[in-house]
1. Kindly evaluate residue 128 against the criterion of being surrounded by fewer than 18 Cβ atoms within 10 Å (Cβ to Cβ) and touching a helix residue (DSSP H, G or I) at 6+ places or on another chain (Cβ under 9 Å).
2. Considering only residues that are within 29 Å of residue 201 (Cα to Cα) and touching a strand residue (DSSP E or B) at 6+ places or on another chain (Cβ under 6 Å), which ones fall in segment 157-189?
3. Looking at residue 126, is it part of a helix (DSSP H, G or I), in contact with a strand residue (DSSP E or B) (Cβ under 8 Å, 6 or more places away or on another chain), under 26 Å from residue 249 (Cα atoms) and assigned by TED's automatic domain parsing to the domain that holds residue 178?
4. Can you tell me which residues in segment 136-158 are farther than 21 Å from residue 101 by Cα and in a helix (DSSP H, G or I)?
5. Within the bounds of segment 91-104, is there any residue that is at positive phi, modelled with pLDDT of 95 or more and in contact with a strand residue (DSSP E or B) (Cβ under 9 Å, 6 or more places away or on another chain)?
6. Need the failing condition index for residue 260 against (1) in contact (Cβ under 8 Å) with a residue 12 or more places away in the chain; (2) in contact with a helix residue (DSSP H, G or I) (Cβ under 7 Å, 6 or more places away or on another chain); (3) outside any loop (DSSP other than H, G, I, E, B), just the number.
């Protein structure tokens, strides 16, 4: 009888934890970091996660974001003719990068956008079509990354000034910028994962790098579409596609090799993909179209 009472009491405690506490994080303490089973009550009641490395341009409040399944859509020409738009749109949160459009490409890339991560160098491209990005799709959260010199708020931050004016023109736009501390953190991760100092090695981190780092903080599961791995361009019969699905011209693999071997100012796309593959072994991340095989 005593044993039965104790068992019932423990079941009540477990039920309460399941409904009110960060259940996946509790399990991760016991070595189960990738948890796919999640009670319905948890998805309905869990609080938003606060991400202090991203500050709202208008309110100066930190980003609050919490997603179950995140679809991250590469800008690669690999997305052409994939016909996965409907599948993508079923995801909890849909992530896009820089100025990648959806209009006219819905069958392949979907039409919804929850978060758009944007390089400071791509902000002018968004502003060229500001009605589309900030008025028609004003439910999207924009996360802009860039060096402190461009993001400073004292009037000399060129990109920050552009974003401030954008918020004045589109008051409902949800625009966040990375803090100087967050930018330093992303550099530290690069050095820790590659053994190389980003600045000394002449590297620029890609928007994909910043996207994956934030997504791993905000998402319980991640599905990356259209991103090639580090060996793809040397594999037999690889698919020759444009660097971007929405514009002709540069070949993707040519661009990857050019950047990887640039003495200064290049994105180390191939090196980054090696790191992403390692992250996928520790987090719930899958890569498809093309599929990645993780050793």
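The values are calculated or read from the model by the stated rules, or taken from the named source; none is laboratory data. In this text, all values refer to a predicted model and were calculated from it rather than measured experimentally. Cβ coordinates were reconstructed from backbone atoms using ideal geometry, including for glycine residues, and neighbour counts include every protein chain displayed.
1. Numbers: surrounded by fewer than 18 Cβ atoms within 10 Å (Cβ to Cβ): yes; touching a helix residue (DSSP H, G or I) at 6+ places or on another chain (Cβ under 9 Å): no.
When the stated conditions are applied, residue 128 does not pass them.
2. Step one: list which residues in segment 157-189 are within 29 Å of residue 201 (Cα to Cα), which gives 157-160, 176-189.
Those that are within 29 Å of residue 201 (Cα to Cα) and touching a strand residue (DSSP E or B) at 6+ places or on another chain (Cβ under 6 Å): 176, 177, 178, 179, 182.
3. Details: part of a helix (DSSP H, G or I): yes; in contact with a strand residue (DSSP E or B) (Cβ under 8 Å, 6 or more places away or on another chain): yes; under 26 Å from residue 249 (Cα atoms): yes; assigned by TED's automatic domain parsing to the domain that holds residue 178: yes.
It is true that residue 126 is part of a helix (DSSP H, G or I), in contact with a strand residue (DSSP E or B) (Cβ under 8 Å, 6 or more places away or on another chain), under 26 Å from residue 249 (Cα atoms) and assigned by TED's automatic domain parsing to the domain that holds residue 178.
4. Selection gives 148, 149, 150, 151, 158.
5. Checked against the condition, which is being at positive phi, modelled with pLDDT of 95 or more and in contact with a strand residue (DSSP E or B) (Cβ under 9 Å, 6 or more places away or on another chain), segment 91-104 yields at least one hit.
6. (1)
Listed here are the residues, each with its yes/no results for (1) within 30 Å of residue 247 (Cα to Cα); (2) part of a helix (DSSP H, G or I); (3) at pLDDT 50 or above; (4) touching a strand residue (DSSP E or B) at 6+ places or on another chain (Cβ under 6 Å).
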{"site": "6", "(1), (2), (3), (4)": "no, yes, no, no"}
{"site": "9", "(1), (2), (3), (4)": "no, yes, no, no"}
{"site": "14", "(1), (2), (3), (4)": "no, yes, no, no"}
{"site": "25", "(1), (2), (3), (4)": "no, yes, no, no"}
{"site": "36", "(1), (2), (3), (4)": "no, no, no, no"}
{"site": "44", "(1), (2), (3), (4)": "no, yes, no, no"}
{"site": "75", "(1), (2), (3), (4)": "yes, no, yes, yes"}
{"site": "86", "(1), (2), (3), (4)": "yes, yes, yes, no"}
